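Structure first, then comments.
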């Protein structure tokens, strides 16, 4: 494992949940030249602007965490935006990286790249073996294209562009919007507000039986830097030229009911939990096979309860305080 702390490391998407966690991780490891740029300073959809940035900054490494993201409603409403913007951002950054001599790049994808009915736990090998979930197919197609872009530059130009696919993430900088947030931030907010009001019961959508896997974003950042820093021989020995992506997760899942009980403990809610079975459950199970990452020497270290506690602290300190002041 090699680490040059004086390299110019560009983190694209540093204001997002994953990008900001990667910046924190790099700082903690002692990297001194971390390049970040806001949307106002650099429009990643503008090919010429991206190329000018790479030429000027003399980038050595790239973490490609920039993406247009959203929940089911946003994906259903703006499918053209999701596929177009993500394809263009990826293509602009990966091509500019190659053009200006960046040998190392890490692309961050999503577990939604896998077929809707993939066998559980989902192995890297099931990519492109079945139909995708219809609600976020355009986003998933763009992420698959990102993996294949990296592999194609490796094959044609001998680059070292790698890809990691995270499971469901949560933590600081998460989206706590009342309608558009994912399950953990949505429940943390609901339980917090229920405690504030003194509610005696919380009703949760669905049966509570679906199984889901959750990874704290600081673990995701640690895994990302770990994979980026692996020497080429080790990485190539555990991947294939046209099957090079690596799953990142805990390898452990829990039911939505168990998740709700843990969040009740974390937020101090002592009332009753009930489940509205007239509401949809979604897929019965979504779990990543993380044996490839484990073989490379990394595994998650933040427990769900500890992770939820830190996420809740961040919510109270940032979102709730901003809302009430």
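Computed quantities for the displayed model
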| quantity | calculated |
| --- | --- |
| Rounded, prolate or oblate (a/c below 1.5 giving rounded, otherwise prolate when a/b exceeds b/c) for segment 41-162 by Cα gyration tensor | oblate |
| Efficiency of FRET from Cβ geometry, residue 117 and residue 243, R₀ 25 Å, rounded to 0.05 | 0.80 |
| Acute angle (nearest 10 degrees) that the helix 47-57 long axis makes with the longest principal axis of the chain, alpha-carbon atoms | 70 degrees |
| Which labelled figure in (1) 58; (2) 64; (3) 55 is percent of Cα pairs over 24 Å apart, once derived from the coordinates | (3) |
| Degrees between helix 217-229 axis and first principal axis of the chain (Cα, 0 to 90, nearest 10) | 20 degrees |
| Alpha carbon centroid spacing (whole Å) that separates segment 187-225 from segment 241-319 | 8 Å |
| 188, 5 arranged by Cβ crowding within 10 Å, fewest neighbours leading | 5, 188 |
| Highest-fluctuation residue, 174, 199, 160 considered, GNM on the chain with Cα pairs under 10 Å | 199 |
| Exposure proxy order (Cβ contacts within 10 Å, fewest to most) of 235, 114 | 235, 114 |
| Pairwise label distance in nanometres, residue 299 with residue 285, each label 7 Å out on the Cα-Cβ vector | 1.9 nm |
| Helix-only mean residue ellipticity at 222 nm for the chain, each DSSP H run of n ≥ 4 adding -39500 (n - 2.57), per residue, nearest 500 | -13000 deg cm²/dmol |
| Shape category assigned to segment 24-85 from the gyration tensor of Cα positions, a/c cut at 1.5 | oblate |
| Acute angle (nearest 10 degrees) that the helix 17-29 long axis makes with the longest principal axis of the chain, alpha-carbon atoms | 60 degrees |
| Chain lengthening between residue 57 and residue 200 when straightened (0.36 nm per residue, less Cα-Cα) | 45.9 nm |
| Which of 17, 242, 220, 211 has the fewest Cβ neighbours within 10 Å, and the rest in rising order | 242, 211, 17, 220 |
| The chain: relative contact order in percent, alpha carbon pairs under 8 Å with at least 6 residues between | 19 percent |
| Segment residue 276-residue 128, length gained on full extension (0.36 nm per residue, minus Cα span) | 49.8 nm |
| Cα gyration tensor, segment 265-325 - rounded (a/c under 1.5), prolate or oblate | oblate |
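Read-outs: derived from the displayed coordinates by stated rules, not from any lab. Source: prediction; values computed, not measured. Ideal geometry is used to build each Cβ from the backbone, glycine not excepted, and the neighbour counts take in all protein chains shown.
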